[in-house]
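A short write-up of the structure that comes next.
The values are calculated or read from the model by the stated rules, or taken from the named source; none is laboratory data. Predicted model only: the values in this text are computed from it and were never measured. Virtual Cβ from ideal backbone geometry, glycine too; neighbours counted across all protein chains shown. Ligands, DNA and RNA are excluded from the accessible area calculation, which covers all protein heavy atoms including side chains. Shrake-Rupley method; radii C 1.70, N 1.55, O 1.52, S 1.80 Å.
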Amino acid sequence: SAQPAPMSPAPGATGQPGIRAVDPATVAVTFYTVKPADMLAENLIDTDVYNLQNEEVGEIEDLIIDEGKTIRAVVIGIGGFLGIGERRVAVDPGSLVINRGANGEIARVVINTTRENLRNAPEFKFEGNMRRN
């Protein structure tokens, strides 16, 4: 009797296995000790961003996290009015300086660039793996 042909992977499949069992030997919990300079993402998102000329140039909309471990970029919404005509750029977190108030709250986020440079930067779009739910 003939054996059925093996199923071919779905279009776009990477050849990686689907659902896998968790191996307790390789997955262990690690706890983190919070440091005084740390902050919550919630406190950063929706914060206005200013340039060195004290002009508001945008607002922090989101963070891009690599493999759930490291913040790789900060998404800034620029231009537009009430979301119309707005575009987004993703900047390296090291491009931003966060100034804190006396109580440790975020007083201001500053970036050393101009509005024009941000308008001409590559646009970031919430799509593919970066689509918002």
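Worth pointing out:
- When the square roots of the Cα gyration tensor eigenvalues are ordered a ≥ b ≥ c, the ratio a/c for segment 50-106 is 1.5 or more and a/b does not exceed b/c, which makes its shape oblate.
- Highest average packing first - 93-100, 124-131, 72-79, Cβ atoms within 10 Å: 72-79, 93-100, 124-131
- Residue ranges 25-31, 115-121 sort as 115-121, 25-31 when ordered by packing (mean number of other C-beta atoms within 10 Å per residue, highest first).
- Global form of segment 23-133, assessed from the alpha-carbon gyration tensor, a/c cut-off 1.5: oblate
- Amide N of segment 89-104 lying under 15 Å from the label point, which is placed 7 angstrom from the Cα of Tyr50 along Cα→Cβ: 97-102
- Of the whole protein surface, Lys35 contributes about 110 Å² of accessible area at a 1.4 Å probe radius.
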